[in-house]
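One structure is given here, and the rest of the page talks about it.
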Protein chains: 2
Amino acid sequence: MQSKNQKVIAVDIGGTSVKFAIVTQAGEVEIMGTEKTANFKNAEDIGPYLKNKLQELKISISEFAGIGIGAPNGNKLNGSIEFAPNLPWKGLIPLASYFSNYFNLKTILDNDANAAALGEKHYGKAGDKNDFIFITLGTGLGSGIVINGNMVYGHDGLAGEIGHLILIPEGRMCGCGRKGCVETYCSATGLVKTYVEKKKLTQNLNIDSEYVFQKAVEGEKEAIESFNFTGNLLGLTLANCVAFSSPKTIFLFGGLTRSGDFLMKPTLKSFNENVLKVYQNKTEILLSTLPKNNAAFLGAASLIWNDTINS
Amino acid sequence: MQSKNQKVIAVDIGGTSVKFAIVTQAGEVEIMGTEKTANFKNAEDIGPYLKNKLQELKISISEFAGIGIGAPNGNKLNGSIEFAPNLPWKGLIPLASYFSNYFNLKTILDNDANAAALGEKHYGKAGDKNDFIFITLGTGLGSGIVINGNMVYGHDGLAGEIGHLILIPEGRMCGCGRKGCVETYCSATGLVKTYVEKKKLTQNLNIDSEYVFQKAVEGEKEAIESFNFTGNLLGLTLANCVAFSSPKTIFLFGGLTRSGDFLMKPTLKSFNENVLKVYQNKTEILLSTLPKNNAAFLGAASLIWNDTINS
C-alpha cells in the first residue's frame, strides 16, 4: 500500500478530451477515464465527474497528495485557465481554487507545456538540470523554461511563449493575429503549410505532418525540403533561446520529433551555425524521454511533486 | 563615520579606460581615479594600481564591504573576463579571485549590463520588481535579465545576450560573425548604419548617433526615418523578450535613449503592435533612472549589495 505522499490525480485538459489518471511518484500511470471536452458545459463540471469516477472505482480522494491539472492557457500563478481559444469555456476560469475547495485537496494547474517541462525534470532526463527549455512541437509550439532551477512564470504567470516569438517580421499569418510567429513555421501545422507552399497546392485538406513525413521517406524532394526549411528555422529559434537564457539542454517533444533525422539533422545544423560563438558546443539538443502517451499525465503529476519539493 | 558594510569599491572596466570609485549604500559616488586601459599590460596590474591609489588617498581597504567590478564579457559564475574583443587582455582572465586574494576582500565581477541591471534594482526604480529586463543602448546592445528576483546567468554564466538575438535572418553583418543580430539595428551603431543607408552615403566617418539626432531635430526626413526604423525593430525585439520571460518592466538605458521621443515614440508604437495579446497593457517600458555618469559605478557596487542580500 502506498502512502498519501506517493500518488496524485493527474488531469489533462485538451481541446478534444479531458483525461484522468492516477500517477505514482515512481511514474506508474493508471488511466481512470476520458471524456469529451464538449461534454463539460462548464469547466467546473469536471469536478463532479471526477468524484463519480473515483466512487465507481472505490478510490478515496484522501489517498492522494494532490491534483495536478495541465491545460492550454493555464496560469499557475492564479490557478486559472485564461481565455483559451481552443476550449469551449470562455474567459478566466479559476479551476484550481474550485478543485481544491471541492475536493479539499491541494490542486495545482499550469499550462501543458510547463507541466511537461516539469515532467521531464521529475520523470525524464532533466532531473539534474537547473537551466533547460522544453519545447513541444505539435499543432503549435509550446514551451516551458526553467532557469536557476525554477519554472519561469514571469510577472503575470504567462511567460514562456517561444512559439510566439516573431521570427520573420511580416511573415506568415499566425492564429494569434500577428505575423511571422515561430509556430507558424516550426510546428506540425507549419510543416504542412511549408509543404503546401512548396507543392504549390491550393488546398491541404488531406495533408498532415505524417503525410509529409511519408513523402520524405519516399524521397520526395518537396517533402525533404519542407523538413529542411522547418529545421533551419527551428535551429535559428533555439539559437535565439540560448542567447536569452543559456540553458544547458533544450528538450524537444511532440509529434513532429517522430520525423527523426528529417527534422533533427537540419535543426542541429542550423543551431550550430546560428548559435553565438560563446555558447558553441555547450548546449545540448535532446529528444524528450517522456513516453508519448503518458507525458501529459506525468507532467500534471509533476506539478504536485515540484510544489512539494519547493514548499 | 560609516561602518564597513556601508561602502564598496567600484571598478568600471571599459575598452578605453578603467575607472575607480567609492560608492556608499546610499548611492554617493566618490571618484578615485581613471587610467587608460591600454596602460595595464595585464588585467592583474589593476590590483597594485588600486592599492597605490588607496595609499595615496590614505584609505584602508578594511573600510570596505567588498569590490565590485563591471566589465565587458564578465562572467559572474567564474569571476572571469572571457575573451573580450574590445579589451587588450586576451583569453579567460579570473580577475575576481585574483582581487579577492590580493586584497583579502570579497570581490564580485560581472558583465557591465548585468551590473547596471542590479544598479537599477538597488539605486533606481526596479527595487520592488522580481521580473524585469535592463537594456543598454550604446555602441552595442547589452542586457541584464532578472527573473523570480534573480539575475539570469544561465548554465555557463553568459545568458542575457539580447543584442545577439537574430532579428532579421540573413540581415546585416554583425561583429559577432553572424548576420541580422538585434544590435546591428538597435544601437547607436545600428542607427548610424541605417542613416548611412537611407542617405546612400558611401562612408560614415564623421557621423555618430548624436549627429543623426541633431539632423532629426532639424527635421531631416532621413534622420527621422532612421529613428522610426530603429524604434520599430527595437519595439519588436522588446515584444519578443516579453514572450520569453514576461517581465513587469523593461528599462532602457544608454546614449541612444537621450534621443527622447525620436526613439521612444516608434519603439512604444511597435511594441504595442507586436506584443502578444495576452501581454497587452501589462509590461511597462521605462527609461532607466540611473544617472548617466555614475551608472557603471552604481552597478558595480550593486554586485556586492546584491550578494549581501542573497547570501
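Determine the shape class of the stretch A:212-306: with a ≥ b ≥ c the square roots of the Cα gyration tensor eigenvalues, call it rounded for a/c under 1.5, and otherwise prolate if a/b is greater than b/c, oblate otherwise. Spell out each step's value before the answer.
Working: a/c = 2.99, a/b = 1.15, b/c = 2.61.
Oblate is the answer for the stretch A:212-306, as a/c is 1.5 or above yet b/c matches or exceeds a/b.
In the neighborhood of B:Asn111, defined by Cβ-to-Cβ distances under 11 Å, what is the net charge if each Lys or Arg adds +1 and each Asp or Glu adds -1? Walk me through the numbers on the way to the answer.
Numbers: positive: B:Lys76; negative: B:Glu82, B:Asp110, B:Asp112, B:Glu161.
Its environment carries a net charge of -3.
What is the magnitude of the charge dipole of the stretch B:43-145 about its Cα centre, with +1 placed on the Cβ of each Lys and Arg, -1 on the Cβ of each Asp and Glu, and no other charges, expressed in debye to the nearest 20?
Result for the stretch B:43-145 is approximately 120 debye, rounded to the nearest 20.
Indicate the residues belonging to the stretch A:273-311 that lose 30 Å² or more of solvent-accessible heavy-atom surface (probe 1.4 Å) upon moving from the chain alone to the assembly of all protein chains, ignoring ligands and nucleic acids.
Buried-area filter returns A:Asn274, A:Leu276, A:Val278, A:Tyr279, A:Lys282.
Once R0 is set to 45 Å, what does the formula 1/(1 + (r/R0)^6) return for the Cβ-Cβ distance between B:Phe83 and B:Val217, expressed as a FRET efficiency to the nearest 0.05? Numbers along the way, then the final one.
Values: r = 40 Å, r/R0 = 0.88.
My answer for the efficiency is 0.70.
With a 1.4 Å probe and every protein chain left in place, work out the accessible area per residue of the stretch A:1-143 in Å², rounded to a whole number.
Here the residues of the stretch A:1-143 average 44 Å² of exposed surface.
Treat every Asp and Glu Cβ in the stretch A:1-104 as -1 and every Lys and Arg Cβ as +1, leave all other atoms uncharged, and give the resulting dipole magnitude about the Cα centre to the nearest 20 debye.
Dipole size: approximately 80 debye.
Zone of B:Lys51 (label point 7 Å along Cα→Cβ, backbone N under 12 Å): which residues in the stretch B:84-106?
B:99-104
Once you sort the root eigenvalues of the Cα gyration tensor of the stretch B:73-164 as a ≥ b ≥ c, which label holds: rounded (a/c under 1.5), prolate (a/b larger than b/c) or oblate (the other case)?
Judged from the Cα gyration tensor, the stretch B:73-164 comes out oblate (a/c at least 1.5, b/c at or above a/b).
Taking only protein heavy atoms into account and a 1.4 Å probe, give the accessible area per residue of the stretch B:152-218 in Å². Present the calculation step by step, with values, prior to reporting the outcome.
Working: 3040 Å² over 67 residues.
Dividing the accessible area of the stretch B:152-218 by its residue count gives 45 Å².
Grab the DSSP H runs of chain A that are 4 residues or longer, score each as -39,500 (n - 2.57), total them, divide by all residues and round the 222 nm result to the nearest 500 deg cm²/dmol.
On the way: 8 runs with 107 residues, N = 311.
Value at 222 nm, helices only, nearest 500: -11000 deg cm²/dmol.
Can you pull out the trypsin sites (Lys or Arg not before Pro) in the stretch A:202-311 whose DSSP state is coil and whose Cβ has at most 12 other Cβ atoms within 10 Å? Could the numbers behind the result be given before it?
Details: sites: A:Lys215, A:Lys221, A:Lys248, A:Arg258, A:Lys269, A:Lys277, A:Lys282, A:Lys292; in loops: A:Lys248, A:Lys282, A:Lys292.
For trypsin sites (Lys or Arg not before Pro) across the stretch A:202-311 that sit outside H, G, I, E and B with at most 12 neighbouring Cβ atoms in 10 Å, the list reads A:Lys292.
Taking just the alpha carbons, could you work out the radius of gyration and Dmax for the stretch A:147-261, both in angstroms?
Rg then Dmax for the stretch A:147-261, in Å: 15.5, 48.
Considering the dipole of the protein assembly as shown built from charges on the beta carbon (Lys and Arg +1, Asp and Glu -1) around the Cα centre, which of B:Asn86, B:Phe253, A:Gln203 is farthest to its positive end?
Of the listed residues, the answer is A:Gln203.
How large, in percent, is the carbon and sulfur part of the accessible surface of the stretch A:28-155 at a probe radius of 1.4 Å?
Reported share for carbon and sulfur atoms: 47 percent.
How tilted is helix A:188-198 with respect to the longest principal axis of chain A? Cα atoms for both, answer in degrees (0 to 90, nearest 10).
20 degrees
Determine the relative contact order of the stretch B:1-50: mean sequence separation of Cα pairs under 8 Å and six or more apart, normalised by residue count, in whole percent.
28 percent
Would you mind telling me which residue in A:Val23, A:Val152, A:Val278 has the biggest mean-square fluctuation in a Gaussian network model of chain A, where springs connect alpha carbons within a distance under 10 angstrom?
A:Val278
Using the Cα centre of the stretch B:176-261 as the reference point, and only Cβ charges (+1 on K/R, -1 on D/E), how large is the resulting charge dipole? Debye, rounded to the nearest 20.
280 debye
Near A:Lys199, which lysines are there with a Cα under 19 Å away, not counting those fewer than 8 places off in the same chain?
Partners within reach: A:Lys215, A:Lys221.
So how much accessible surface do B and A hide from each other in total, probe 1.4 Å, in square angstrom to the nearest 100?
Values: alone 14800 and 14780 Å², together 26150 Å².
About 3400 Å² of accessible surface is lost on pairing.
Rounded to whole Å and sorted largest first, list the principal axis extents of the Cα atoms in the protein assembly as shown.
Principal-axis extents of the protein assembly as shown (Cα, largest first): 84, 59, 41 Å.
Keeping all protein chains in position, work out how much accessible area A:Met173 exposes to a 1.4 Å probe, and write it in Å² to the nearest 10.
110 Å²
Residues of the stretch B:224-265 losing 50 Å² or more of accessible area relative to the isolated chain, 1.4 Å probe, heavy atoms only?
Listed in order, they are B:Asn240, B:Ala243, B:Phe244, B:Ser246.
Let me know the shape class of the stretch B:1-138, please: from the alpha-carbon gyration tensor, a ≥ b ≥ c as square roots of the eigenvalues, rounded when a/c is under 1.5, otherwise prolate if a/b is greater than b/c, or oblate.
oblate
Compare the Cα positions of B:Val8, B:Phe244, B:Asn39 along the charge dipole of chain B (+1 at Cβ of Lys, Arg; -1 at Cβ of Asp, Glu; about the Cα centre) and return the one farthest towards the positive end.
So the residue furthest toward the plus end is B:Phe244.
Label-to-label distances across copies for B:Thr24, with labels 7 Å out along Cα→Cβ, in nm, shortest first?
When each copy's label point is compared with this one, the spacings are 6.4 nm.
Report the relative contact order of chain A, percent, no decimals, based on alpha-carbon pairs under 8 angstrom and at least 6 residues apart.
19 percent
May I ask for the distance between the Cα centers of the stretch B:121-190 and the stretch A:48-116, given as a whole number of Å?
Going from one Cα centre to the other spans 37 Å.
So how tilted is helix A:221-245 from the main axis of chain A? Cα-based, degrees 0 to 90, rounded to 10.
Taking Cα atoms only, the helix is inclined about 60 degrees.
Taking loop as defined by DSSP and a crowding limit of 10 other beta carbons within 10 Å, which GluC sites (Glu not before Pro) in the stretch A:193-232 fit?
Working: sites: A:Glu197, A:Glu210, A:Glu218, A:Glu220, A:Glu222, A:Glu225; in loops: A:Glu218, A:Glu220.
Within the stretch A:193-232, the qualifying GluC sites (Glu not before Pro) (loop, at most 10 other Cβ atoms within 10 Å) are A:Glu218.
As a quick test, which of the pairs A:Lys198/B:Lys277; B:Lys121/B:Lys248; A:Lys282/B:Lys90; A:Lys7/A:Lys58 have an alpha carbon distance above 19 angstrom in this structure? Walk me through the intermediate numbers first.
Values: A:Lys198/B:Lys277 31 Å; B:Lys121/B:Lys248 13 Å; A:Lys282/B:Lys90 21 Å; A:Lys7/A:Lys58 16 Å.
From the list (A:Lys198/B:Lys277; B:Lys121/B:Lys248; A:Lys282/B:Lys90; A:Lys7/A:Lys58), the Cα-Cα distance tops 19 Å for A:Lys198/B:Lys277; A:Lys282/B:Lys90.
The values are calculated or read from the model by the stated rules, or taken from the named source; none is laboratory data. Bear in mind the structure is a predicted one, so any value in this text is a computation, not a measurement. In this analysis, Cβ positions are derived from the backbone assuming ideal geometry, glycine residues included, and neighbour counts consider all displayed protein chains. For accessibility, only protein heavy atoms count, side chains too; no ligands or nucleic acids. Shrake-Rupley method; radii C 1.70, N 1.55, O 1.52, S 1.80 Å.
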